[in-house]
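To start, the structure itself, in structure tokens.
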Amino acid sequence: MKLNVGFLASHGGSNFQAIVDAIKSGKLSAVASCVISNNSKAFVRERAEKENIPFYHISGKTHPNPEDHDKAIIDAFKHHDVNIVCLAGYMKKLSDTVLNEFHGRVLNIHPALLPKFGGKGMYGINVHKAVIESGEKTSGVTVHLVDSKYDRGRILAQTKVPVEKDDTPEDLADRVLTAEHQIYWQTLVKIEKGEIQL
Ligand code: GRF
């Protein structure tokens with residue numbers, strides 16, 4: 001089945017861009033259908049506009065009523081025939097309504113080897129600080145399904161990234177992000193080929 005990917009992103013969108021680039025170079029035969037962000041000023045907006053991919057700002061400000069908010073997300077994705085949702089640095093928790101609508105087809109990328117370093121507070125630089133503080137020699141990336149327990153959904157793919165001596169959290173974050181930019185589109189290729197079943 002051809003993947004029509006809908007994205008949810010809150011910030012820079014480098015993972016969104018990596019998937020778009022994989023599509024443009026023919027490595028992945030999916031369609032990047034649209035991007036939804038809760039942040040109207042997110043850089044991902046510029047990226048989407050540059051790529052001519054529809055962008056929607058849907059947030060608690062644009063839709064104060066939670067039911068309207070969820071409906072706006074679902075309607076936008078349905079309008080674009082989205083059949084798989086990729087969270088790419090989306091900082092808002094998805095409601096059960098949205099998760100149920102795309103049940104088993106919502107993916108997230110996490111910058112560590114889940115189940116370690118996941119859960120509450122484990123986002124952004126906090127993850128890499130925690131990895132370094134714990135003395136781990138290896139970190140990595142996880143692509144997983146999102147269910148209502150968040151970082152606990154089925155793991156679809158992982159890749160390891162070394163933690164180097166004297167790494168700052170920022171050094172580690174950069175190395176992990178480079179790996180993120182490969183594993184997300186590669187996981188979509190496997191889903192498209194049926195090598196990973198959702
Ligand atoms: C990535 O580190 C991803 O693992 C996490 O949020 C970050 C998003 O980065 N979920 P970007 O916006 O894709 O550049």
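The values are calculated or read from the model by the stated rules, or taken from the named source; none is laboratory data. Remember, predicted model here, so these are calculated numbers, not experimental data. Every residue, glycine as well, gets a Cβ built from its backbone with ideal geometry; the counts of neighbours run over all protein chains shown.
A few comments on the model shown:
- A count restricted to region 129-156 and to residues that are closer than 14 Å to residue 179 by Cα and either among the charged types (D, E, K, R) or within 13 Å of the ligand (Cβ to nearest atom) (or both) stands at 5.
- Among the residues of region 138-164, those that are out of contact with any helix residue (DSSP H, G or I) (no Cβ under 6 Å at 6 or more places or on another chain), surrounded by fewer than 19 Cβ atoms within 10 Å (Cβ to Cβ) and free of Cβ contacts under 8 Å to residues at least 40 places away in the same chain comprise 138, 149, 152, 154, 162, 164.
- Scan of region 87-112 for residues that are under 18 Å from residue 148 (Cβ atoms), of a type in the set (A, V, I, L, M, F, W, C) and either touching a strand residue (DSSP E or B) at 6+ places or on another chain (Cβ under 8 Å) or modelled with pLDDT of 95 or more (or both), ordered by number: 87, 94, 98, 99, 102, 106, 107
- The single condition among (1) surrounded by fewer than 20 Cβ atoms within 10 Å (Cβ to Cβ); (2) away from the ligand (no atom under 13 Å from the Cβ) that residue 188 does not meet is (1).
- Among residues of region 10-41, those that are of a type in the set (A, V, I, L, M) and either over 17 Å from residue 80 (Cα atoms) or more than 14 Å from the ligand (Cβ to nearest atom) (or both), counted: 7
- Meets criteria (assigned to a loop (DSSP other than H, G, I, E, B) and of a type in the set (A, V, I, L, M)) for residue 114: yes
- Matching residues, region 44-89, being part of a loop (DSSP other than H, G, I, E, B), away from the ligand (no atom under 16 Å from the Cβ) and among the acidic types (Asp, Glu): 81
- Residues located in region 165-185, provided they are surrounded by 15 or more Cβ atoms within 10 Å (Cβ to Cβ) and within 13 Å of the chain's Cα centre (by Cα): 177, 180, 181, 183, 184, 185
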